[in-house]
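Let me begin by presenting the structure, written as structure tokens, before commenting on it.
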Amino acid sequence: MEVASDLSIHRVLGVALLYTELVHGISPIFTHYVNVPALHLVLVFVSFKYPTISTVLPEKRFLFGRIEHYELGIFRCVVRYGYKDSRFECEFFKEMLVNQLKEFIRNDVLKPNELADNNKVEKVDEEMVQREMGIMDDALKFGDVVYLIGENEVMASKGSSFLKKLAINYAYNWLKRCVRRADEVFIIPRKRLLKVGMNYEV
């Protein structure tokens, strides 16, 4: 809330999908990224989960939540894949996510409210939906989808023993390079990919 409301941070056109392993809380990559300082009109924290079922129905693949209050344009999305589900091509994935995010916005704002059953409140809710939809449409019409991935580098802290430096700086980082990168796993187009680096000393 504090970062998104900071007037010194410019909101730029487009949608940013920030890939994170966290389902709850905010990834430290986010606060590191806004050192730029710029933030896309729509930001979605995306995490992937693999429930122990064979397939997930397309309409239940994306579970959305709103971060803080309305009209900030910041959301959370958990994407679920069963063990028999195949990954979608990036363009189709983007289209599905955006369409279901729009549906979530409408349902979230217009959700039933026992204390708000008069026409005046319904009109206010509809106006709020239109404003948020307008933000989404502007973000996509005049910008594009950017994929943000954190890339962490772990180094042995100063004063560490030779054995610790050898284990972390060489052995651990060599093993890490042998693992497939996140952009390869999620089939992210290179031209739309932005990596945010962070260094950790242990």
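The values are calculated or read from the model by the stated rules, or taken from the named source; none is laboratory data. All of these numbers come straight from a predicted model, not from anything done at the bench. Note that we place each Cβ from the backbone using ideal geometry, even for glycine, and neighbour counts take in every protein chain shown. Please note that ligands, DNA and RNA were not included when accessible areas were found on the heavy atoms of the full protein model with its side chains. Shrake-Rupley method; radii C 1.70, N 1.55, O 1.52, S 1.80 Å.
Under 8 Å for C-alpha pairs, at least 6 residues apart: give me the relative contact order for region 1-152, rounded to a whole percent.
32 percent.
Using the Cα gyration tensor of region 10-63, with a ≥ b ≥ c the square roots of its eigenvalues, what is the shape: rounded (a/c below 1.5), prolate (a/b larger than b/c) or oblate (neither)?
Here region 10-63 falls in the oblate category.
Output ³J(HN,Hα) for region 149-165: one whole-Hz value per residue in order, computed from phi by the Karplus curve 6.51 cos²θ - 1.76 cosθ + 1.60 with θ = phi - 60°, and x for Gly and Pro.
Each residue of region 149-165 in turn: 10, x, 10, 9, 10, 9, 10, 5, 5, 4, x, 5, 5, 4, 5, 5, 4 Hz.
Would you mind working out the accessible area per residue for the chain, using a 1.4 Å probe, and quoting it in Å²?
Per residue, the chain has an accessible area of 62 Å².
Any idea which of Leu7, Leu175, Tyr19 is furthest toward the positive side of the dipole for the chain, if Lys and Arg beta-carbons carry +1 and Asp and Glu beta-carbons -1?
My answer, from the dipole projection, is Leu175.
Which is the longest stretch in the chain that no exposed loop site breaks, taking sites as GluC sites (Glu not before Pro) with a DSSP loop state and at most 14 other Cβ atoms within 10 Å?
115-202
Could you please state how large a percent of the accessible area of the chain is carbon and sulfur, counting protein chains only and using a 1.4 Å probe?
57 percent
Rounded, prolate or oblate: which one fits the chain, using the alpha carbon gyration tensor with axes a ≥ b ≥ c (rounded when a/c is under 1.5, else prolate when a/b beats b/c, else oblate)?
Cα axes put the chain in the prolate bin.
Gly73's amide H: which non-local residues (gap 5+, or another chain) put their own amide H closer than 5 Å, with H modeled 1.01 Å from N in plane and none for Pro or chain starts?
For Gly73, no residues qualify.
Specify the angular offset, from 0 to 90 degrees and rounded to the nearest 10, of the alpha carbon long axis of helix 90-109 from the longest principal axis of the alpha carbons in the chain.
The two axes meet at around 50 degrees.
Per DSSP H run of n ≥ 4, the term is -39500 (n - 2.57); total these for the chain, divide by its residue number, and report the mean residue ellipticity at 222 nm rounded to 500 deg cm²/dmol.
-9500 deg cm²/dmol
Only sites in a loop by DSSP and with at most 13 other Cβ atoms within 10 Å count here; which trypsin sites (Lys or Arg not before Pro) in region 128-165 make the cut?
Taking region 128-165 and a limit of 13 other Cβ atoms within 10 Å, the loop trypsin sites (Lys or Arg not before Pro) found are Lys158.
Using θ = phi - 60° and the Karplus form 6.51 cos²θ - 1.76 cosθ + 1.60, what ³J(HN,Hα) does each residue of region 126-142 get, whole Hz, x for Gly and Pro?
Along region 126-142, the couplings run 5, 5, 5, 4, 4, 5, 5, 5, x, 4, 4, 5, 5, 4, 8, 6, 9 Hz.
In the full protein assembly as shown, how much of Asp108 is accessible to a 1.4 Å probe, in Å² to the nearest 10?
The accessible area comes out at roughly 30 Å².
Collect residues whose amide H, placed 1.01 Å from N in the peptide plane, falls under 5 Å from the amide H of Arg11; neighbours closer than 5 in sequence don't count.
Leu39
Between Tyr70 and Glu153, what FRET efficiency comes out of the Förster formula 1/(1 + (r/R0)^6) with R0 = 30 Å and r the beta carbon distance, rounded to 0.05?
0.20
I'd like the accessible area for Thr55, computed on protein heavy atoms only with a 1.4 Å probe and all protein chains in place. Round to 10 Å², please.
Ignoring ligands and nucleic acids, Thr55 comes out at about 70 Å².
For region 23-40, what does the Karplus curve 6.51 cos²θ - 1.76 cosθ + 1.60, with θ = phi - 60°, yield as ³J(HN,Hα) per residue in whole Hz, taken in order and with x for Gly and Pro?
8, 10, x, 10, 5, x, 4, 4, 5, 5, 5, 6, 5, 4, x, 8, 9, 5
Distance from the Cα centre of region 1-52 to that of region 55-94, in angstrom?
15 Å
Hey, can you grab everything whose amide H is under 5 Å from the amide H of Val145? Only 5+ residues off in sequence or another chain; H modelled, so Pro and N-termini drop out.
HN-HN under 5 Å from Val145: Val15.
Might you work out the accessible area of His24 for me, using a 1.4 Å probe with all protein chains in place, and round it to the nearest 10 Å²?
Near enough 150 Å² of accessible area.
When the dipole is taken about the Cα centre of the chain, and only Lys, Arg (+1) and Asp, Glu (-1) are charged at their Cβ, what size is it in debye, to the nearest 20?
1140 debye
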